[in-house]
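A short write-up of the structure that comes next.
The values are calculated or read from the model by the stated rules, or taken from the named source; none is laboratory data. Just so we're clear, the structure is a prediction, and the values are computed from it rather than from any experiment. Here the Cβ is made from the backbone with ideal geometry for all residues, glycine too, and neighbour counts use every protein chain on show.
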């Protein structure tokens, strides 16, 4: 992203992690969070502009543009800010044989591959005033595009709640971020600072020494508690370095510059919860197992052999207190989650996912990944891209799972019937999977590279059948038999 050079004194310094996201744009993967809202009845462009003026612009970030200087980047108020440049009215015209839903998915995909103009604040809302609801009545659809350097998904959920009816943006003084250095030290790194330094020092001398230290951590770190922490840090550093590249399926490769987007209708969350309870698994375990099943079924439908195969998804992990989400910015780490796409039995797949999730508990990998992003923000672009592509080699997808409000929200007097969003994929990763619970339902969305996966709707179509198979298989288990 090309931006003008200005002295640092003219703006507020951008954090190192946010700078990393700013510089991570490539022609194949733009670092934008894309969201879709379906509203009924419809809302007008005028009403949307008024709501944005009254609520969204109370967050100063949305009036600021990004400029770069020799030290990195800064947030600078856009003195010529024009709301009409950011809140756009569109008309959706489905092609012959194309439904309104398919046309909306196509438009969202097109916008996901269209860069935001770096001369202005890095966000836009695209309102389609006349979009039919499920019964053919007049509704509206809105596509939101926000650059990841502004905020992460958890922070943007906070923003979404503040602009809906009854919401309230925080006062500007509360939006000020904690000092990055202090936050990293006090909230994340302070408890393991000495341990991390020693672990990284050992890693610098070779992974072999790090692995050897695992056999005698108390001798290295002095106390049992510190030794256990140190052993985990060393283990995680070595695991990230030694992790094999991901399985070579058709979903991996060099992405192009076009995207495809698809999402499904919600599945009742109570049904998912009931299956999880019956199997002694979490809702998350159940949903991820269904995702793995749908992806595996898609690959087998293409004639690929998935027996024994697994793919990795990089999963964001929140590292900030939830009460500080309104401060915006990015404060999350990443962990690699294995999806067992080669297990046909849906119950066995749930248990495999549960086992993988348990292995991640207590891991310091999210903190280490956050540190990698912080360091990347200080590097020149070619070096940064080389560093961040390490993540791409290890994974097939980026996956998010966000719990939304339990009750449907209101926006400008209309009901927010359905909402979906996608986070960007970095490097050469060509798939983004989103799971979002909202209003008593849970739904799946996919954004894919059109070269690697031109038909994500065929994966999406497999989610509900996979859940139905899991539900049926669970009901058929010999419950109560000794």
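Name the residue, out of 96, 89, that is at pLDDT 95 or above, over 30 Å from residue 396 (Cβ atoms), surrounded by fewer than 18 Cβ atoms within 10 Å (Cβ to Cβ) and in the same structural domain as residue 160 (by TED's automatic domain parsing).
89
For region 387-398: of the residues being surrounded by 22 or more Cβ atoms within 10 Å (Cβ to Cβ) and either in a strand (DSSP E or B) or out of contact with any strand residue (DSSP E or B) (no Cβ under 7 Å at 6 or more places or on another chain) (or both), which is modelled with the highest pLDDT?
Out of the qualifying residues, it is 397.
Suppose the filter is in contact with a strand residue (DSSP E or B) (Cβ under 7 Å, 6 or more places away or on another chain), in contact (Cβ under 8 Å) with a residue 12 or more places away in the chain, part of a strand (DSSP E or B) and within 29 Å of residue 138 (Cα to Cα); does residue 38 pass it?
In short, yes.
With the requirement that a residue be assigned to a loop (DSSP other than H, G, I, E, B), more than 21 Å from the chain's Cα centre (by Cα) and more than 18 Å from residue 59 (Cβ to Cβ), what does region 114-164 give you?
Scanning region 114-164 gives 117, 118, 119, 133, 134, 135, 136, 137.
Looking at region 56-71, is at least one residue surrounded by 19 or more Cβ atoms within 10 Å (Cβ to Cβ), under 27 Å from residue 29 (Cα atoms) and modelled with pLDDT under 90?
yes
All but one of (1) under 24 Å from the mean Cα position of the chain (by Cα); (2) within 30 Å of residue 66 (Cβ to Cβ) hold for residue 102; which doesn't?
Residue 102 satisfies every listed condition except (2).
Among residues belonging to region 61-91 that are part of a loop (DSSP other than H, G, I, E, B) and under 23 Å from residue 156 (Cβ atoms), point out the one that is nearest to the chain's Cα centre (by Cα).
86
In region 413-482, which strands (runs of 3 or more DSSP E) lie fully inside it and hold 3 or more residues that are over 30 Å from residue 46 (Cβ atoms) and touching a residue at least 60 places away in the same chain (Cβ under 8 Å)?
Of the strands (runs of 3 or more DSSP E) lying wholly inside region 413-482, those with at least 3 residues that are over 30 Å from residue 46 (Cβ atoms) and touching a residue at least 60 places away in the same chain (Cβ under 8 Å) span 431-438, 441-449.
Of everything in region 129-167, what is in contact with a helix residue (DSSP H, G or I) (Cβ under 6 Å, 6 or more places away or on another chain) and at pLDDT below 90? Give them in sequence order.
132, 154, 155, 158, 167
Looking at region 319-335, which of the residues that are assigned to a strand (DSSP E or B) and in contact (Cβ under 8 Å) with a residue 60 or more places away in the chain is surrounded by the fewest Cβ atoms within 10 Å (Cβ to Cβ)?
Across region 319-335, the extreme among qualifying residues is 332.
If you take the residues in region 284-318 that are without any contact (Cβ under 8 Å) to a residue 60 or more places away in the chain and not in a loop (DSSP other than H, G, I, E, B), which one is farthest from the chain's Cα centre (by Cα)?
The qualifying residue farthest from the chain's Cα centre (by Cα) is 300.
This table checks each residue for (1) under 30 Å from residue 317 (Cα atoms); (2) touching a strand residue (DSSP E or B) at 6+ places or on another chain (Cβ under 6 Å); (3) surrounded by fewer than 16 Cβ atoms within 10 Å (Cβ to Cβ).
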position: 85; (1), (2), (3): no, no, yes
position: 129; (1), (2), (3): no, yes, no
position: 140; (1), (2), (3): no, yes, no
position: 143; (1), (2), (3): yes, yes, no
